[in-house]
1. Kindly list the number of the only condition in (1) assigned to a loop (DSSP other than H, G, I, E, B); (2) surrounded by 18 or more Cβ atoms within 10 Å (Cβ to Cβ) that fails for B:Gly193.
2. For the stretch B:20-30, name all the residues that are open to solvent by less than 80 Å² (accessible area, probe 1.4 Å) and either more than 8 Å from ligand 1 (Cβ to nearest atom) or at positive phi (or both).
3. Of the conditions (1) within 30 Å of B:Leu58 (Cβ to Cβ); (2) open to solvent by 20 Å² or more (accessible area, probe 1.4 Å); (3) away from chain B (no Cβ under 14 Å), A:Arg148 satisfies every one except a single condition; which number is it?
4. Among B:Tyr88, B:Tyr108, B:Tyr94, B:Tyr102, which is within 16 Å of ligand 2 (Cβ to nearest atom), of a type outside the set (Lys, Arg) and at pLDDT 90 or above?
5. Counting only residues that are away from ligand 2 (no atom under 16 Å from the Cβ), touching a helix residue (DSSP H, G or I) at 6+ places or on another chain (Cβ under 9 Å) and either open to solvent by 20 Å² or more (accessible area, probe 1.4 Å) or not acidic (Asp, Glu) (or both), how many does the stretch B:37-59 have?
6. Determine whether B:Ile186 is in the same structural domain as B:Gly153 (by TED's automatic domain parsing) and either within 16 Å of ligand 1 (Cβ to nearest atom) or hydroxyl-bearing (Ser, Thr, Tyr) (or both).
7. Collect the residues in the stretch A:151-192 that are of a type outside the set (A, V, I, L, M), away from chain B (no Cβ under 14 Å) and either touching a residue at least 60 places away in the same chain (Cβ under 8 Å) or open to solvent by less than 50 Å² (accessible area, probe 1.4 Å) (or both), keeping them in residue-number order.
8. What is the one condition in (1) outside the structural domain of A:Val184 (by TED's automatic domain parsing); (2) surrounded by fewer than 22 Cβ atoms within 10 Å (Cβ to Cβ) that A:Trp381 does not satisfy?
Amino acid sequence: MYFDPAENFIYPPYAIYNWMIVAGFFTAVVLVVSLLTLLVSKGSSGFGVFFTELIGMLKDVFSLSPRRIWALTRLTFMEAYRRKALAVFVVFGLLFMFAGWFMGDSKEIQPDQVKVYISFVLTAVSWLTLPVVLILACFGIPEDIRLRSIHTVVTKPARRIEIVLGRMIGVSMIGWLVLSVMSVVGYLWIVRQIPQASQELLKCRVPIYGLVSFKDREGNYGKEGINVGDIWAFRSYIEGATKSRAEWRFFNVDETMLDSEGNLRLENSFSAFRSYKGDMTRPLFYDIKLFNIEHPEISYTTQPQPVNEFRSKQDIIPRKVTVDDVQYDILNDLTTKGSDKVPKGILGIEVACIDRDQYIGMARSDLFIRMPDRPFWVGYWKAIFGTALTVLLVSMIGVAASTMVKAPIAAVLTAVMYILSGKNPHQFMDQLVAGQVQGGGVLESVYRLVMHLGPSTELPANPAFTVVQIFDSILMNFLWLCKQVIPRSQYFNMPEYVANGFDVPWATSLIPSLLVTSAFIIPCVMMGYFALRTRELESK
Amino acid sequence: MSQSEPVIEIRNLSKIYRDFWGRPKVRALNSLSLDVRKGEVFGLLGPNGSGKTTTLKLLLGLLFPTEGEITILGKSAADVSKNERIGYLPEESYLYRFLNAYETLDFYGRLFNMTAAQRKERSEKLLDLVKLAPQARRRQLKEYSKGMTRRIGVAQALINDPDLVMLDEPTSGLDPLGSRDMKDLILDLKKQGKTVLMCSHLLADVQDVCDRIAILYGGELKVMDRVDTLLKSEDKTQINTSKLSAAAISEVEAVLKRHGASDVSVDHPTATLEDLFLKTVQESRDRPGHRNVADRTSAT
Ligand SMILES: Nc1ncnc2c1ncn2[C@@H]1O[C@H](COP(=O)(O)OP(=O)(O)OP(=O)(O)O)[C@@H](O)[C@H]1O
Ligand SMILES: [Mg+2]
């Protein structure tokens, strides 16, 4: 899998919009489901109960007692501790001892190996923590009900909402404890595993991305460059020795983007595509032109540079450059001055391929301004923070689910929700909901399968089929609803940034994931409250 | 005892247990009405499965009534704030088995928003009161014997110094000494002006401590009155004295015979509540629907 850090770019306002969608929809779903359940179980008096409980919940919210919540949190903690749930540490310890053997200890290692180490640690940490959290979250309250120890709690002044909150906080805190111990060990392991000579591979690059567009061989702007049928389909290719170019615009370029020596560092990860195999050891060459987009004649072009295939490559451009005896300051002369029409500080950069009949491929994130690096631990701990948010999310959803259904079902539900929150399921759901998947909806596909019809065969317009379509559209709407309710863990992919040597950005990763997590608080707590209030807490 | 305000009012309370699909399974309570007044010890009797525990759970809001009204301490059963003044000992002590005695009381004390100092003081006092052996107090409850579990259960029910104490079979699992202590404890609570509602099978216990009792059978109220009223037999006279010699006894018998007494027997007093209980159960079997419930106003 190729990691494209720019792909996740989300406008912060969109994250807020997303927050409102999740919080709003999920809350609405919880309310509707609670009302329906009450109507089914209590008949028309369900309405009255619903509103009484709703008001009761608001009252409880305003009279929450931190001491009671803390008591329940502590209880969860002691339960996990005394029941030896923390034995997971042993598994973790063993894993690392063995991994240490297999991963070897050479004097010098490759950047890719560093990536493997970091991914291994971050993955191991979350895959060992999350199941513990899932189990504790989903089994706590159902066990309390089964053993009826909850009877001694709810006959005290403990509010249902406090029970739910105490569990959620307790489980999260256990998760965080497990996580922090593991991540400290993991961090030390990475640092020790990587030999002294290769320590500089541990870093967090801070990229500034621009927007890219492509020009074809005649020099006309097109949406994309050439598709050479490569597996990295998201890359566009520019043809050598023609007018084909990739053109970036970087915004708000100023002194802060220069490195400590005052140079502009550009980093690229272009890929090469040869239409003929000449000398395979001879690299393809590109050059980079920096220019003022308002006055394209003011420009500076680098010497031809070899493409570093499979590796990133840096081009260091000094602040003061001389072109035909004229000295330019790249910040003052090559960026826009700022006017009514054009904002200040836009820098244009054009990349050309020099070799005839050869192609260089690139995508938006393949060229960026590299800001001064941050230390590795910054990114590492941000990635752990992302996992900590996932812990919170899983414990909230798990506890909420466990108030409604039996523990194993709650665990499966939560796990499914977690898996569906991945990037690929979300994309698939997006396509499904947008009607982009061939073969129609669920029933329609089944119909086609049974009738041996291809996905594109026109279907007859008969009443039976209309029913199929109506059913599918209801299902589709349901799916759309589910999609809104399922968190997007796309925001939680911090480990990937770190493994690829990038810092984790606040704007496009940390803040959106914080928002997503917080969006679940209200509906999850509400769900737990309603379930515990309107259910007889007898084991059945 | 003077006519005082009711602490618990139950009106036409019915409970039908349903299965998952909402189909009625068991009718555990049928149109029960009773009051428990402030300061009295009220005993709920009945054979197994007659609905005693169900009644307590309905009062506490653990179950929802199918029909009927409950007022408890002036509030509805669903109101959590009533619990501030209630202590409850469940049928089996459903406590957290991984906590020790101190931790258990500390936990429940926190649920009442008690401060650390209050919790500490109260725990010590209660553990002494229920006579839990000091060396057992730091052991996890899962290692406790039945009687020890019962004792800690009682202690947790009293953690908040409640006005109303509901005990579901408080003496079950206790040795004779323990039962004695428990009865003293209940009488002590009464002396402090607390209201006690208890269920029990051990009729001797009930007879000793209860002011009033109700006997349930098959979810229906069969008998309710003051214990002394119920046990007073108009056509019998009981004479209690200190131990007499055999000669003295025959002399007394002779005197009684002379005054026309028949069926003279000189014996130790018997637990006559047992007779009443057995009679009620037998009668309920034979004559469904029959009741012997004292008028609410006269039973003071
Ligand atoms: N959770 C439940 N589901 C279904 N039926 C129940 C449930 N709990 C109790 N019952 C039934 O309700 C009836 C009354 O039970 P309850 O526990 O109130 O009796 P009890 O008087 O406390 O008996 P015991 O003296 O044995 O404790 C019984 O027939 C019992 O089978
Ligand atoms: Mg019972």
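The values are calculated or read from the model by the stated rules, or taken from the named source; none is laboratory data. The model shown is predicted, which means the values in this text are computed figures rather than measured ones. Cβ sites come from the backbone with ideal geometry, for glycine too, and all protein chains shown count toward neighbours. Each accessible area value is taken on the protein alone, full model and side chains, heavy atoms only, with ligands, DNA and RNA left out. Shrake-Rupley method; radii C 1.70, N 1.55, O 1.52, S 1.80 Å.
1. B:Gly193 satisfies all of (1) assigned to a loop (DSSP other than H, G, I, E, B); (2) surrounded by 18 or more Cβ atoms within 10 Å (Cβ to Cβ) except (2).
2. Listed by number, the residues that qualify are B:Gly22, B:Asn30.
3. (3)
4. Values: B:Tyr108 fails: within 16 Å of ligand 2 (Cβ to nearest atom); B:Tyr94 fails: at pLDDT 90 or above; B:Tyr102 fails: within 16 Å of ligand 2 (Cβ to nearest atom).
None of the others qualify; the one that does is B:Tyr88.
5. Result for the stretch B:37-59: 2.
6. Details: in the same structural domain as B:Gly153 (by TED's automatic domain parsing): yes; either within 16 Å of ligand 1 (Cβ to nearest atom) or hydroxyl-bearing (Ser, Thr, Tyr) (or both): no.
The answer is no for B:Ile186.
7. Let us first name the residues in the stretch A:151-192 that are of a type outside the set (A, V, I, L, M), namely A:151-152, A:155-157, A:159-160, A:162, A:166-167, A:170, A:172, A:175-176, A:180, A:183, A:186-187, A:189, A:192.
Okay, now just the ones that are also away from chain B (no Cβ under 14 Å), so A:172, A:175-176, A:180, A:183, A:186-187, A:189, A:192.
Result: A:Ser172, A:Gly175, A:Trp176, A:Ser180, A:Ser183, A:Gly186, A:Tyr187, A:Trp189.
8. The single condition A:Trp381 does not satisfy is (1).
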